[in-house]
Amino acid sequence: MPTSNSVTVLGLGPMGRALAGAFLDAGVRTTVWNRTPGRAEEPAERGAVVARTAEEAVGASGLIVVCVRDYDAVDAVLRQEPVTAALKGRTVVNLSADTPARARDTADWAARHGVRYLDGAIMTPTPTIGTPATVVLYSGPAEPYREHRPVLEALGGTHTHLGEEIGRAAAHDLALLDVFWTAIAGWAHAVALARAEGITARELAPYAQGIAAILPAIFDGTAAEADAGTFPGDANPITSAAASIAHIVHTSEAHGIDTGVLRAAEGQVLRVIGRGHGAGGFIRVAEEVGRR
């Protein structure tokens, strides 16, 4: 098996190139490969070994880091002979994004072929890689994670092993992206509403940042409530949220602005109230949307 201070990066999109660059900057012997020719020039100029084939790339290192579009792309590379045979006994760290179910399926495939497998999620954008701002989550067997952590830490920032259940990293990834994209969708809608009332996005932005600044404390408090199954609404009952959302919907629709997302949120709130929980807190919505 190749030296422990070596890594192969499969996939040279923007994130893959950033990963390879961070490994190279840390002095890790790095081999790279990409399905589409022409993307290896930058890593090669920085000292990476460019493999001619995926099989050759896999054979160069005991640690294989995969970062491609999704698990369909992962399968197209790894589940082909002779690549699968070359992976036997090696560790694959899959940092591609997909679902927990796909992570479990890939782990089952890896186990059948003698491949040690860790699933992972990069929670920060490309420019953070190699800096203290990097955040990477992992799930899967603890032993290969401990063994390869010194090399993985070349990516900078914090690295957290979430447990041996292989789908946990992907589940965290999706839940956190749920927060992100719902917030961004809310910001886009707010910009449309503000513009309709003669307010520019630049004027609104500082106040939107003030709203964002109060969210961490809300996350902490409501997380404790959700886990405990108690939903106090003394300070801000869900009936207040219903009234506020109704005002936004009314004004938006008066301007001809689409309210599909807000109508969905309003429906969730009204269902909670309809079940007799109007005096409770907003996080009870999690119980409602999770109801089977």
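For the range 6-164, the mean projected area of the C-alpha convex hull, equal to one quarter of the hull surface, is 7.9 nm². Among beta bridges identified by DSSP and lying wholly in the chain, the antiparallel ones come to about 15 percent.
Look at Val272, Val261 and count the other Cβ atoms within 10 Å of each Cβ; fewest to most, that gives Val261, Val272. Helix screen, the chain: DSSP H segments with Cα axial length of 27 Å or more and mean Kyte-Doolittle hydropathy at least 0.0 are 168-196. Looking at the range 6-164 only, what percent of DSSP beta bridges run antiparallel? Nearest 5 please. Percentage antiparallel, nearest 5: 15. Each peptide among 31-39, 133-141 gets the average number of other Cβ atoms lying within 10 Å of its residues, and from highest to lowest they stand as 133-141, 31-39.
Neighbour counting of Cβ atoms within 10 Å sorts the residues His161, His113, fewest neighbours leading, into His113, His161. Projecting each Cα onto the charge dipole of the chain (Lys/Arg +1, Asp/Glu -1 at the beta carbon, about the Cα centre), which of Thr126, Thr53, Val272 comes out farthest on the positive side? Towards the positive end, the residue furthest out is Thr53. Rounded to the nearest angstrom and listed largest first, the equivalent-ellipsoid semi-axes of the range 171-289 from its Cα gyration tensor are 25, 18, 14.
One decimal place: the segment Arg146-Ala228 gains 26.2 nm when fully extended, by the rule 0.36 nm per residue minus the C-alpha distance. Think of it as helices only: each DSSP H run of n ≥ 4 in the chain is worth -39500 (n - 2.57), and spread over all residues that comes to -16000 deg cm²/dmol at 222 nm. About the centre of its Cα atoms, the range 6-164 shows a dipole size close to 140 debye [charges on the beta carbon of Lys, Arg (+1) and Asp, Glu (-1) only; nearest 20 debye].
The length gained on full extension between Lys88 and Ala264, counted as 0.36 nm times the residue separation minus their Cα-Cα distance, comes to 58.5 nm. Once the chain from Arg46 to Ala208 is taken as fully extended at 0.36 nm per residue, the excess over their C-alpha distance is 54.2 nm. Label positions at Arg69 and Thr53, each projected 7 Å from the Cα along the C-beta direction, are separated by 2.4 nm. Relative to the 2.2 N^0.38 Å rule of thumb, the chain has a C-alpha radius of gyration ratio of 1.22.
Every number here is computed from the coordinates shown, using simple stated rules; none is lab data. Note that the structure is predicted; figures quoted are calculated from it, not measured. Positions of Cβ are generated from backbone atoms using ideal geometry, with glycine treated the same way; all protein chains shown enter the neighbour counts.
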